[in-house]
Amino acid sequence: MTGTGDNVTKLKGLVTLQGWRVAVLAGLWLFAGTAMAEITIEITGGGVKRAPVAIVPFGWKGQGAAAPDDVAGIIAADLYRSGRFDPVPESGMLQKPTAGTDIDFSDWTRLGIEAVVIGTVEQTGDNAYSVQFQLFDPYQRTQLVGYRMPASRGTLRRTAHRAADMIYEKLTGIAGVFATQVAFVSATKQGRGNRYRLVVADYDGETEHTIMESNDPIMSPAWSPDSRRLAYVSFEGSRSSIYVQQLRTGNRIQLSAEPGINGAPSFSPDGKKLVVTLGGVDGNLDIYTIDVATREKVRLTNHRAIDTEGTWSPDGRYIYFTSDRAGGPQIYRVPASGGNAERVTFEGSYNARPRLSPDGKKLAMVTNDQGAFRIAIMDLGTKDFLVLSAGRQDESPSFAPNSDILIYATRQSGNGVLETVTANGLIRQRMASGDGDVREPVWSPFPRY
Amino acid sequence: MDSRFSQFVSVLLALVVHVLVLGSFVFAFDWERNHPAPRPLAVTATLVTADDIPPPVVQAPEPEPVAEEPDPEPPRPDPVEQARAKAEEQARLDELRREQQRKAEEERARLQRIEDEKEAKRKAEEEARRKAEAEAELERQRVEAERKRREQEERQRAENERLRREAEARQLQEQIDAENRRLEARNSEDMLAYMFAIRQKVERAWVAPASAPKNLECEITVRQNPAGEVQSVNVVRCNGDAIVVRSIEAAVRRASPLPRPPNPLLFDTNLRFIFKPEQ
């Protein structure tokens, strides 16, 4: 876990807002009276109070002693991982009801539990299950949400994540992302070189699938808006090419293999085009769009400086990109239909790798924060600028589809590892992610059911 | 002598008849005069008085003595005189009858007048009664309307009072709710996010001078406007030298405008910072 002491804090202060003392102690981000009663080492933010909740073990009706997956356990782990909830351990429960009528609400209010989840998994066929869950507010003594969902052995985990999403959204007002996936590139030592793999894993790091592997580098994965395809750059054959690959079938098409650099693909919101960086024979990097169906290329920038890392705004109107046309790298944008580039970032001497939040309100980037490369976020409305990460070589920020969390790669003992951080900078945590050097994580869109 | 006597008798008889007629007039007059009195009791009283007085008048010309008188007359010798007297008498009687007829007509006319007057009076009274009744009805309606108006006023007053109380209660509840929202917001993750953002911006703007002691601890208060622009910086205490104090003030001013809170309820004009470098 990244201790917050990693964060180079020159002043550890105390910010008081009239009548409200907030001490910031060494090793903590903030310490604020009763609001900060809990400090959890896994959460690098540490300051956010976790709400105590109870996910009661689900009942099981079927063959064998237990359901193939521990649905309640998966939900509890999801809520815990969000940094906003603290599920009580099973040993701390005074009762373990599996039906709403069996709940004694006072048993939970006595423990200060703010939300209770109960449910059952029922086997309805050879490979068919029915998952039912209910979320209760024990103080109001009311059900907040309840669903029954069909599942198979293979989708039981996904179904549990989906239940966690609904519970999380009901309790926080923020859409859950537990059923989403993350794509990333991992490199493991193999002989004298590396073995590169393009991996798609569940958000919790479980159920890894290798989409593509190669002895040559793989870079810059990008999700299609329908989550069914990944675009990426492969150096197979020792030259760069841009591919678009179907996840289900593994079929792929080579979309661009121009002489020189073919890099940094990113899908348009309608999934029909990619924005890419092409270098050409003279090596002058500029931004192009490519129509996926016709492979028609349109040049958007034509500048002798480096223009790269293009990304579409969610409304499809602009393409944001990195350019060093003013000296150091800064973020610019150009109308997707073509036109003049306009500078977007002015904070500091280095801002690169733009990514827009799906709600279009925030711009994430890599910034040079007093000599360290860190993930920062700029509010496009207020222009407020916030550094979110605390490493020295942090890279590749990518927003979760709910715009509330970002994932990025940081270095630990020389290896790349993945971390997530809330867009307010308060909850930061390490993500379990395979072996080797992990780079370039990209968060999937919301799943389609 | 005889004719004189008979003349005298005739005159007497005429007198008697006149008295009789007059008496009946008096009687009738009295009766008529008293009759219109609305109360029957008064009529009775008047009748009693009338009965008491007229009898002597009516009795005096009682026919018995008069009936005895003519008896000696038939043997009167002079038929011419008799015829003439008779004719005279006849003429006189005719005259009398005409006179009586005229008087009776006059009386009828008078009675009719009285009757008309009575009718007019009755009508006037009826009219007055109707008018009085109408006025009474109007008055009753006015009083009723007044009563209703008062009731309505009272109801309105009570309703206004109720509404005022409710509005007061609502306002109080709104204040309580607003305060609760503020407290809740201040206990929320957003509050931490706000402080984190402020702290980071000031931190990033601060270049600690070489003269800053290892155990530096400076407390400053800052006033900001709603746009986050720093209005004033006040050093409460600081164990650093003038250069350090200046660097801290400069950092806060460089950090202006300070980040805006994620929730407007969290905004506070007055901020307090403690600068304390990591050990």
Some residue of region A:203-210 being buried (at least 22 other Cβ atoms within 10 Å of the Cβ) and closer than 19 Å to A:Thr420 by Cα: yes
Test: residue in region A:293-310 that is within 28 Å of the chain's Cα centre (by Cα), under 24 Å from A:Arg228 (Cβ atoms) and surrounded by fewer than 21 Cβ atoms within 10 Å (Cβ to Cβ): no
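Residue by residue, here is whether (1) modelled with pLDDT of 95 or more; (2) surrounded by 15 or more Cβ atoms within 10 Å (Cβ to Cβ); (3) part of a strand (DSSP E or B) holds:
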site	(1), (2), (3)
A:Thr101	no, no, no
A:Asp107	no, yes, no
A:Val116	yes, yes, yes
A:Val121	yes, yes, yes
A:Thr124	yes, no, yes
A:Phe133	yes, yes, yes
A:Phe136	yes, yes, yes
A:Gln140	no, no, no
Unmet criterion (only one of (1) at pLDDT 90 or above; (2) over 19 Å from A:Asp384 (Cα atoms); (3) not hydrophobic (A, V, I, L, M, F, W, C)) for B:Asn225: (2)
Any hit, region A:157-165, residues being outside any strand (DSSP E or B) and within 16 Å of A:Ser403 (Cβ to Cβ): yes
Considering residues of region B:237-276 that are under 23 Å from B:Ala185 (Cα atoms) and of a type in the set (S, T, N, Q) only, the residue surrounded by the most Cβ atoms within 10 Å (Cβ to Cβ): B:Asn263
Residue tally, condition in contact with a Leu (Cβ under 6 Å, 6 or more places away or on another chain) and more than 7 Å from chain A (Cβ to nearest Cβ), over region B:241-279: 0
Region A:370-401, subset of a type in the set (D, E, K, R) and surrounded by fewer than 22 Cβ atoms within 10 Å (Cβ to Cβ), residue nearest to A:Thr422 (Cα to Cα): A:Asp379
Given (1) small (Gly, Ala, Ser); (2) more than 21 Å from the chain's Cα centre (by Cα); (3) at pLDDT below 95, index of the condition A:Ser234 fails: (3)
Selection status of B:Ala212, more than 9 Å from every other protein chain (Cβ to nearest Cβ), out of contact with any Phe, Trp or Tyr (no Cβ under 6 Å at 6 or more places or on another chain), closer than 16 Å to B:Arg253 by Cβ and touching a residue at least 12 places away in the same chain (Cβ under 8 Å): no
Residues (touching a strand residue (DSSP E or B) at 6+ places or on another chain (Cβ under 9 Å) and surrounded by fewer than 20 Cβ atoms within 10 Å (Cβ to Cβ)) located in region A:405-416: A:Arg411, A:Gln412, A:Gly414, A:Asn415
A:Asp435 being more than 30 Å from A:Arg195 (Cα to Cα) and of a type in the set (Asp, Glu): no
Selected residue (only one of B:Arg170, B:Arg149, B:Arg181 is farther than 26 Å from B:Leu265 by Cβ and basic (Lys, Arg)): B:Arg149
Failed condition for A:Val281, given (1) assigned to a strand (DSSP E or B); (2) of a type in the set (A, V, I, L, M, F, W, C); (3) over 21 Å from the mean Cα position of the chain (by Cα): (1)
Members of region B:179-193 that are at the interface with chain A (Cβ under 8 Å from one of its Cβ atoms) and touching a residue at least 24 places away in the same chain (Cβ under 8 Å): B:Arg186, B:Ser188, B:Asp190, B:Met191, B:Ala193
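The values are calculated or read from the model by the stated rules, or taken from the named source; none is laboratory data. Quantities reported herein were computed from a predicted structural model and do not represent experimental measurements. Note: ideal-geometry Cβ built from the backbone for every residue, glycine included; neighbour counts use all protein chains shown.
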